[in-house]
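Below: the structure, in structure tokens.
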Amino acid sequence: MSKRLDASADTVHWGYFDAAQKPVMEIESGETVIISTVSGGPETLPPVDSGLEVPEALTDIQRKVSPRLPGHICTGPVAVRGAKPGDVLEVQIKDIGLHYGWGYNFVRPLAGALPDDFTERHLMHITLDRASMTGRLPWGQTLPLRPFFGVMGVAPPPAWGALSTLPPRRNGGNLDNKELVAGTTLYLPVFIEGANFSAGDGHGAQGDGEVCITAIETGLVGTFELHVRRDHQLDWPMAETPTHWITMAFDPDLDDCVVIALRQMIDVIVARTGLERHEAYALCSLVADLRVTQVVNGNKGIHVMLDKTYLSPQRS
């Protein structure tokens, strides 16, 4: 049986992660929680005469909750009973659906991958169709939707204090990894008792890089099965799709991201195949895909994807 946590003025935190924040729900390891999210401040709402329905939860949150730091509206946190620092939180993403029928995207000066190229703010609203799972852009083009949560994270270490949700870090957060769709499992290092998992920043569709700083920003409803794992140790978030393992890294320097994510993938290969590190490095060069996750959130992101077929044991 699953529990449900809907976005409301009482269940969200806006703009920050903080180990001192109290959870709004507690579940057992292995339980399922359905979490709804909303996105954006008042300036992102569609015009009244647009015909697009704005959920009451979103406007209520905008009225009653103030951003503590610049960042996203996140629903949670959800504590998982028994989780302790040094554990891993396994987040099985069972399902992701649209919360409402529109999203937005904006370009603004001094932001994104081309901060000096645009001198005016441009906001557009995109109609989302649940039946066809498509989004219609203002100029008539239709895009397939592939929804995922841009933000999934746990509380950071207490010594870090309150942190903006904008840069992704070791506790996860604003990962903006378009591979984290339904059917994927995310693994996050745990830094406090209960882990304190939150989700937000729903994306209807996004390309690698998220170059203008926004995707199709919308509200989503996610079904998550959360497990405490003590048989793994992680320094950085990692993910698993039905076909691939994914290692991730975040840093202001993309070159440093490459180093971190690649070393993590070499560790994965060595642990699962028995190959030597130099052999695993060579295998990465031959069959792994190194991708730019995003370049717009302060800490940039790189992820390395490796097909699971290359991870069967190679030596007895």
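Report, by residue number, each residue of segment 63-85 that is of a type in the set (Gly, Ala, Ser) and either part of a strand (DSSP E or B) or in contact with a Cys (Cβ under 6 Å, 6 or more places away or on another chain) (or both). It would help to see each step written out before you state the result.
Going through segment 63-85, the residues of a type in the set (Gly, Ala, Ser) turn out to be 66, 71, 76, 79, 82-83.
Once the filter is applied, which keeps residues that are of a type in the set (Gly, Ala, Ser) and either part of a strand (DSSP E or B) or in contact with a Cys (Cβ under 6 Å, 6 or more places away or on another chain) (or both), segment 63-85 yields GLY76, ALA79.
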Scan of segment 146-159 for residues that are touching a residue at least 40 places away in the same chain (Cβ under 8 Å) and either open to solvent by less than 20 Å² (accessible area, probe 1.4 Å) or over 25 Å from ALA182 (Cα atoms) (or both), ordered by number: PRO147, PHE148, PHE149, GLY150, VAL151, MET152, GLY153, VAL154, ALA155, PRO156, PRO157, PRO158
Select from segment 1-19 the residues that are of a type in the set (Ser, Thr, Tyr) and either at pLDDT 95 or above or under 11 Å from GLY76 (Cα atoms) (or both) and list them in ascending order. SER8, THR11, TYR16
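Can THR75 be described as modelled with pLDDT of 95 or more, surrounded by fewer than 19 Cβ atoms within 10 Å (Cβ to Cβ) and of a type in the set (S, T, N, Q)?
Working: modelled with pLDDT of 95 or more: yes; surrounded by fewer than 19 Cβ atoms within 10 Å (Cβ to Cβ): no; of a type in the set (S, T, N, Q): yes.
The answer is no for THR75.
Among the residues of segment 177-208 satisfying the criterion of being part of a loop (DSSP other than H, G, I, E, B), more than 21 Å from PRO242 (Cβ to Cβ) and touching a residue at least 60 places away in the same chain (Cβ under 8 Å), which is nearest to the chain's Cα centre (by Cα)? Give the steps one after another, and end with the answer.
Keep residues of segment 177-208 that are part of a loop (DSSP other than H, G, I, E, B), which gives 177-184, 190-196, 204-208.
Okay, now just the ones that are also more than 21 Å from PRO242 (Cβ to Cβ), so 190-196, 204, 207.
Filter again for touching a residue at least 60 places away in the same chain (Cβ under 8 Å), leaving 190-196, 204.
Numbers: VAL190: 16, PHE191: 18, ILE192: 20, GLU193: 21, GLY194: 19, ALA195: 16, ASN196: 15, GLY204: 12 Å.
Filtering segment 177-208 for residues that are part of a loop (DSSP other than H, G, I, E, B), more than 21 Å from PRO242 (Cβ to Cβ) and touching a residue at least 60 places away in the same chain (Cβ under 8 Å), the one nearest to the chain's Cα centre (by Cα) comes out as GLY204.
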Can you find even one residue in segment 37-55 that is over 24 Å from LEU123 (Cβ atoms) and within 22 Å of the chain's Cα centre (by Cα)? no
Would you call GLY172 of a type outside the set (D, E, K, R), crowded, with 24+ Cβ neighbours inside 10 Å, at positive phi and in contact (Cβ under 8 Å) with a residue 24 or more places away in the chain? yes
Being over 19 Å from HIS72 (Cα atoms) and touching a residue at least 24 places away in the same chain (Cβ under 8 Å) is true for just one of THR165, THR218, THR214, THR243. Which residue is that? THR243
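Among the residues of segment 278-316, write down those that are outside any helix (DSSP H, G or I), open to solvent by 50 Å² or more (accessible area, probe 1.4 Å) and either in contact (Cβ under 8 Å) with a residue 24 or more places away in the chain or over 18 Å from ALA239 (Cα atoms) (or both). Before the answer, list the steps.
Keep residues of segment 278-316 that are outside any helix (DSSP H, G or I), which gives 288-307, 312-316.
After this cut, where a residue has to be open to solvent by 50 Å² or more (accessible area, probe 1.4 Å) as well, the list is 289-292, 298, 300, 312-316.
LEU290, ARG291, VAL292, GLY298, LYS300, SER312, PRO313, GLN314, ARG315, SER316 - these are the residues of segment 278-316 that are outside any helix (DSSP H, G or I), open to solvent by 50 Å² or more (accessible area, probe 1.4 Å) and either in contact (Cβ under 8 Å) with a residue 24 or more places away in the chain or over 18 Å from ALA239 (Cα atoms) (or both).
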Residues of segment 186-208 being among the polar types (S, T, N, Q) and open to solvent by 20 Å² or more (accessible area, probe 1.4 Å), which ones? GLN206
Of residues in segment 12-50 being among the β-branched types (Val, Ile, Thr) and in contact with a helix residue (DSSP H, G or I) (Cβ under 9 Å, 6 or more places away or on another chain), the one surrounded by the fewest Cβ atoms within 10 Å (Cβ to Cβ): VAL12
So how many residues does segment 86-134 have that are in contact (Cβ under 8 Å) with a residue 60 or more places away in the chain, open to solvent by 50 Å² or more (accessible area, probe 1.4 Å) and part of a strand (DSSP E or B)? 4
Which number in (1) more than 19 Å from THR218 (Cα to Cα); (2) of a type in the set (A, V, I, L, M, F, W, C); (3) part of a loop (DSSP other than H, G, I, E, B) marks the one condition that ALA159 misses? (3)
Filter segment 1-11 for residues that are surrounded by fewer than 18 Cβ atoms within 10 Å (Cβ to Cβ) and hydrophobic (A, V, I, L, M, F, W, C); which is farthest from the chain's Cα centre (by Cα)? MET1
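The values are calculated or read from the model by the stated rules, or taken from the named source; none is laboratory data. It should be emphasised that the depicted structure is a prediction, and the values quoted were computed from it without experimental measurement. We place every Cβ from the backbone using ideal geometry, glycine too, and count neighbours over all the protein chains shown. Just the protein is used for accessible areas: all its heavy atoms, side chains included, with ligands, DNA and RNA removed. Shrake-Rupley method; radii C 1.70, N 1.55, O 1.52, S 1.80 Å.
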